[in-house]
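Asker: Have a look at the structure that comes next, please.
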Ligand SMILES: [Zn+2]
């Protein structure tokens with residue numbers, strides 16, 4: 001077996017990381033992991049690749065190195081909708097994320113804002129989170145949902161059992177299964193084990209992601225890999241754009 005796990009979600013200095021593509025590639029490979037750069041591509045996250053020319057320059061830069069060419073796109077921002085098809089085809093896979101959600105009355109709640117736009121209960125917030133996920137799955141042709149359990153800062157320290165009811169978890173995994181979107185086990189934003197088990201039992205594919213921004217972080221997918229294995233998932237079933245393909249349909253034309 002020469003299978004090696006893929007870190008589908010490493011950042012370089014094209015967005016908020018601090019590393020060159022070469023540094024990411026070398027470091028991740030030294031860990032026995034397949035490198036995939038997936039910088040943030042959004043107009044609504046600071047220090048992102050934030051326009052179409054920038055996306056082209058980003059892909060041009062990745063072309064020079066033996067890395068998979070991913071990108072993390074914000075659902076709530078429109079940049080991903082505007083990418084011309086020739087650029088989309090150059091990605092090996094794409095990730096979608098909820099860096100902001102919309103509540104029932106359309107209020108936008110950003111994940112990293114310190115204050116909520118108005119008083120919001122946990123129940124209302126989670127209803128908005130799941131409804132936004134359903135829209136993401138319907139609208140975005142992505143392969144992976146990044147950090148599925150990331151919630152807005154004011155709710156960050158709420159116990160997972162209080163945030164996530166069984167019904168929320170089942171709804172999330174049903175949505176991902178139906179849309180053929182993998183559930184990311186993130187090193188940076190680790191999901192609670194129960195929701196990952198729920199995803200596995202539903203047949204949702206898992207993806208490993210360091211969400212690493214520094215040399216010490218990129219390619220460090222030890223904990224996600226251990227969690228996936230502990231739930232009985234075979235290594236070769238973890239999302240690999242080359243092995244499993246991508247909605248960008250360029251997954252086969254990757255590393256020579
Ligand atoms: Zn993210």
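Asker: Criterion first (out of contact with any helix residue (DSSP H, G or I) (no Cβ under 7 Å at 6 or more places or on another chain) and assigned to a helix (DSSP H, G or I)) does residue 106 satisfy it?
Answerer: Working: out of contact with any helix residue (DSSP H, G or I) (no Cβ under 7 Å at 6 or more places or on another chain): yes; assigned to a helix (DSSP H, G or I): no.
Here the answer is no, as residue 106 does not meet what is asked.
Asker: Right, next: Could you list all residues from region 1-34 that are in a strand (DSSP E or B) and touching a helix residue (DSSP H, G or I) at 6+ places or on another chain (Cβ under 6 Å)?
Answerer: Here is the first cut: in region 1-34, the ones in a strand (DSSP E or B) are 6-10, 34.
Selection gives 7, 10.
Asker: Of all the residues that make up region 84-103, how many are within 16 Å of the ligand (Cβ to nearest atom), more than 15 Å from residue 69 (Cβ to Cβ), assigned to a loop (DSSP other than H, G, I, E, B) and in contact with a strand residue (DSSP E or B) (Cβ under 7 Å, 6 or more places away or on another chain)?
Answerer: Looking only at that region, the number is 1.
Asker: Here's a follow-up. What residue, among those in region 104-121 that are surrounded by fewer than 20 Cβ atoms within 10 Å (Cβ to Cβ) and within 15 Å of the ligand (Cβ to nearest atom), is farthest from the chain's Cα centre (by Cα)?
Answerer: Residues of region 104-121 surrounded by fewer than 20 Cβ atoms within 10 Å (Cβ to Cβ): 104-108, 110, 112-121.
This time we only want the ones that are within 15 Å of the ligand (Cβ to nearest atom), so: 110, 112-113.
On the way: 110: 16, 112: 16, 113: 19 Å.
Result: 113.
Asker: Residue check: is residue 46 in a loop (DSSP other than H, G, I, E, B), crowded, with 22+ Cβ neighbours inside 10 Å, at pLDDT below 95 and within 16 Å of the ligand (Cβ to nearest atom)? Lay out the reasoning, then the answer.
Answerer: On the way: in a loop (DSSP other than H, G, I, E, B): yes; crowded, with 22+ Cβ neighbours inside 10 Å: no; at pLDDT below 95: yes; within 16 Å of the ligand (Cβ to nearest atom): yes.
The answer is no for residue 46.
Asker: Of all the residues that make up region 141-174, how many are in a loop (DSSP other than H, G, I, E, B) and either within 15 Å of residue 198 (Cα to Cα) or within 16 Å of the ligand (Cβ to nearest atom) (or both)? Even if it seems obvious, please write down each step before you answer.
Answerer: Of region 141-174, the ones in a loop (DSSP other than H, G, I, E, B) are 141-143, 146-152, 156-159, 164-165.
Imposing the further condition that a residue be either within 15 Å of residue 198 (Cα to Cα) or within 16 Å of the ligand (Cβ to nearest atom) (or both) reduces the set to 142-143, 146-152, 156, 164-165.
Result for region 141-174: 12.
Asker: (1) in contact (Cβ under 8 Å) with a residue 40 or more places away in the chain; (2) within 15 Å of the ligand (Cβ to nearest atom); (3) out of contact with any helix residue (DSSP H, G or I) (no Cβ under 9 Å at 6 or more places or on another chain): which one isn't true of residue 135, the others all being true?
Answerer: (2)
Asker: For residue 124, indicate whether it is under 30 Å from residue 240 (Cβ atoms), out of contact with any strand residue (DSSP E or B) (no Cβ under 9 Å at 6 or more places or on another chain) and more than 16 Å from the ligand (Cβ to nearest atom). Don't jump to the end; show me each part of the working.
Answerer: Values: under 30 Å from residue 240 (Cβ atoms): no; out of contact with any strand residue (DSSP E or B) (no Cβ under 9 Å at 6 or more places or on another chain): yes; more than 16 Å from the ligand (Cβ to nearest atom): yes.
Answer is no for this residue.
Asker: Here are some conditions: (1) without any contact (Cβ under 8 Å) to a residue 40 or more places away in the chain; (2) part of a loop (DSSP other than H, G, I, E, B); (3) within 14 Å of the ligand (Cβ to nearest atom); (4) more than 19 Å from residue 181 (Cβ to Cβ). Residue 37 meets all but one. Which one does it not meet?
Answerer: Just one mismatch for residue 37, condition (2).
Asker: What are the pairs, 6+ residues apart or on separate chains, where a residue within region 151-171 that is at positive phi has its Cβ under 7 Å from a residue that is buried (at least 18 other Cβ atoms within 10 Å of the Cβ)?
Answerer: none
Asker: Would you tally the residues in region 155-174 being under 23 Å from residue 72 (Cα atoms) and surrounded by fewer than 21 Cβ atoms within 10 Å (Cβ to Cβ)? Before the answer, list the steps.
Answerer: From region 155-174, those under 23 Å from residue 72 (Cα atoms) are 155-156, 169, 171-174; that's our starting set.
Subset that is surrounded by fewer than 21 Cβ atoms within 10 Å (Cβ to Cβ): 155-156, 171, 174.
Within region 155-174, residues that are under 23 Å from residue 72 (Cα atoms) and surrounded by fewer than 21 Cβ atoms within 10 Å (Cβ to Cβ) number 4.
The values are calculated or read from the model by the stated rules, or taken from the named source; none is laboratory data. Computed from a predicted structure; not experimentally measured. Positions of Cβ are generated from backbone atoms using ideal geometry, with glycine treated the same way; all protein chains shown enter the neighbour counts.
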